[in-house]
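See below for the structure under consideration.
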Amino acid sequence: MRFSRPRAKVTERGHPHYIRLKLHDLAQLFNSMDPSPFLEKDLDQDAEEFIVSWAQEFPAEDPVRLHIYLEHLSPENPKDLVKAAVHNYFAHRAEITNLEFKRLLAQGRASLAIGLIFLSVCLVLSKVVLVQNGAWAVVAREGLTIVGWVAMWRPMQIYLYDWWPLRRREHAYEKLSHMPVEIEVRTREEGGPKNEPPSHPEPQLAPGKKT
């Protein structure tokens, strides 16, 4: 599956951004190894990452639209069914990401409690060593202080850095679960679509062979 990046993004703020996929058939859009019913199928990993990454590139408040060009669409998979499957997948991913966010915060609270207790013990022990003289006492005192603060590294990482990428991805999934999905079937001989929205250089996913 090939990806082609846009040369520039000139769409005005507030206007819809188009994410275009050029595929041979739906086998490139959905995970062919997923045995679930069609409405519950997972998207292909490359296709999902392409859609989500470009949705995150656009301003969070701007709407996005997914335009899928297919060379072949089976009568067993009508367009409305494909749209519902795409929306269901991203709604499910938003729920999963929200659960991951809640688990991360729970882990952060537990790590913070453990870290504070350990830091307090180390600081108390360093005060006890403070009454001792000698080089070993200085090393032990500094070592306890350093080790105590190192124990606070994990909760600080969670609350300062780890939570916001999950939250940002969850918001992207929620937006994608409600985005308009347009499907156009055209053969290679037909060329480009006749009635296409105003041309802005936008991301496209072109057909290719999976490795």
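Annotation: of all residues in region 156-189 being within 12 Å of ARG20 (Cα to Cα) and of a type in the set (A, V, I, L, M), the one that is modelled with the lowest pLDDT is ILE183. Among the residues in region 190-200, are any part of a helix (DSSP H, G or I) and either modelled with pLDDT under 90 or more than 32 Å from the chain's Cα centre (by Cα) (or both)? Within region 190-200, one or more residues are part of a helix (DSSP H, G or I) and either modelled with pLDDT under 90 or more than 32 Å from the chain's Cα centre (by Cα) (or both). Cβ-Cβ contacts under 6 Å between residues 6 or more apart (or on different chains), taken from a first residue in region 27-42 that is at negative phi to a second residue that is among the basic types (Lys, Arg), are listed as PHE30/LYS41; ASP34/LYS41.
With respect to ILE114, is the statement that it is farther than 30 Å from LYS22 by Cβ and surrounded by 13 or more Cβ atoms within 10 Å (Cβ to Cβ) true? Break it down stepwise before answering.
On the way: farther than 30 Å from LYS22 by Cβ: yes; surrounded by 13 or more Cβ atoms within 10 Å (Cβ to Cβ): yes.
Against the criterion (farther than 30 Å from LYS22 by Cβ and surrounded by 13 or more Cβ atoms within 10 Å (Cβ to Cβ)), ILE114 qualifies.
Taking the criterion of being assigned to a helix (DSSP H, G or I) and out of contact with any Asp or Glu (no Cβ under 8 Å at 6 or more places or on another chain), the residues of region 55-89 that qualify are ALA55, GLN56, GLU57, LYS79, ASP80, LEU81, VAL82, LYS83, ALA84, VAL86, HIS87.
The set of residues in region 93-114 that are under 13 Å from the mean Cα position of the chain (by Cα) and either closer than 14 Å to ILE158 by Cα or of a type outside the set (Ser, Thr, Tyr) (or both) comprises ARG93, ALA94, GLU95, ILE96, ASN98, GLU100, PHE101. If the condition is being in contact with a Leu (Cβ under 7 Å, 6 or more places away or on another chain), of a type outside the set (Asp, Glu) and surrounded by fewer than 19 Cβ atoms within 10 Å (Cβ to Cβ), then region 23-38 contributes ASN31, PHE38.
Quick one: which of LYS79, LYS102 is basic (Lys, Arg) and at pLDDT below 95? Steps first, answer last, please.
Working: LYS102 fails: at pLDDT below 95.
Residue meeting the stated conditions: LYS79.
The values are calculated or read from the model by the stated rules, or taken from the named source; none is laboratory data. This is a predicted model, so every value here is computed, not measured. No Cβ is skipped: glycine too gets one built from the backbone with ideal geometry, and neighbour counts run over all protein chains shown.
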